[in-house]
Amino acid sequence: MRLLLLAPPGAGKGTQGERLAAWSGVRHIAAGDLLRAEARAGDRLGREIAAYQDRGDLVPDQIVLDVLTPVVTEAAARGGYILDGFPRTLPQAIAAAELAARLGVTVHAAVYLHAPEAVLTQRLLDRASQGGRSDDTADVIRHRLQVFAETTGPLVPYYTERGILVAVDADQPPDSVTADIQTRLAGLTRAAGR
Ligand code: ADP
């Protein structure tokens with residue numbers, strides 16, 4: 001199973017990514033988590049990554065690719081991956097397709113989790129009040145949602161055109177979102193005769 005999870009902040013990518021990985025037996029690769037781990041290293045690259053993340057700006061494509069490529073390559077060799085939060089820009093999507101081609105694999109679906117912006121904002125503010133991340137402040141949340149709309153949003157038509165977009169309503173309890181994704185993926189697999 002090879003999946004991409006495309007979703008604005010607060011849509012539940014992390015939760016669904018973990019569940020889908022456990023369900024399908026492949027690795028959950030969360031771009032944000034890997035970048036935060038690099039940031040914690042505290043060296044020059046780490047400090048640069050932390051600065052982008054704290055502002056809610058995207059980390060430059062080349063840095064993201066350097067961090068993600070070896071992890072995706074290893075996961076692909078072990079049966080697949082659930083890529084959460086990557087790609088997030090058109091150049092990253094092109095790089096992801098080139099990487100898959102190089103590895104001789106195809107991506108089964110790009111799962112797009114959507115919810116109204118007011119719902120996303122409220123979830124992130126709730127997470128912040130429970131001691132969330134340093135980028136969960138009202139201003140940075142607003143900026144992250146704007147970056148998603150402007151930069152990552154265009155990947156929705158990109159994957160629709162490629163016939164692999166699976167859009168799921170994320171404004172439901174987590175179990176219902178998981179069930180919807182699983183039903184849609186099972187339908188895809190049946191349609192492809194796999
Ligand atoms: P969220 O989706 O809630 O913002 P993530 O953990 O997925 O949480 O991402 C947090 C931050 O990590 C982003 O704001 C950005 O700075 C960085 N990041 C994560 N994935 C990418 C990516 N594919 N490209 C560039 N930056 C990324």
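The values are calculated or read from the model by the stated rules, or taken from the named source; none is laboratory data. Quick caveat: nothing in here was measured; it's all calculated off a predicted structure. Counting neighbours? That spans all protein chains shown, and the Cβs are built from the backbone with ideal geometry, glycine included. The area values use the complete protein model at the heavy-atom level, side chains included, leaving out ligands, DNA and RNA. Shrake-Rupley method; radii C 1.70, N 1.55, O 1.52, S 1.80 Å.
If Lys and Arg each add +1 and Asp and Glu each add -1, what is the summed charge of the other residues whose beta carbon sits under 14 Å from the beta carbon of residue 101?
Summing Lys and Arg as +1 and Asp and Glu as -1 gives +2.
I'd like the Kirkwood hydrodynamic radius of the chain, using the inverse of the mean 1/r over distinct C-alpha pairs, in Å.
The answer is 17.0 Å.
Using the Cα gyration tensor of region 113-194, with a ≥ b ≥ c the square roots of its eigenvalues, what is the shape: rounded (a/c below 1.5), prolate (a/b larger than b/c) or oblate (neither)?
oblate
Which residues' amide hydrogens lie under 5 Å from the amide hydrogen of residue 167, considering only partners 5 or more residues apart or on another chain, with H built in the peptide plane?
Answer set, sorted by chain and number: 112.
What whole-number value in Å² describes the accessible area per residue of region 46-175 for a 1.4 Å probe?
49 Å²
What's the carbon and sulfur percent of region 86-134's accessible surface, probe 1.4 angstrom, rounded to a whole number?
That share works out to 56 percent.
Using DSSP H assignments, which helices in the chain have an axial alpha-carbon span of 24 Å or above and a mean Kyte-Doolittle hydropathy of -1.0 or higher?
Membrane-span-like by this rule: 174-191.
FRET efficiency for residue 106 and residue 40, Cβ-Cβ distance as r, R0 = 25 Å, nearest 0.05?
Taking R0 as 25 Å, the efficiency between residue 106 and residue 40 is 0.15.
So what J values fall out for region 104-109 if you push phi through Karplus, 6.51 cos²θ - 1.76 cosθ + 1.60 with θ = phi - 60°, rounded to Hz, Gly and Pro as x?
So the J values, rounded to whole Hz, are x, 10, 10, 8, 6, 7.
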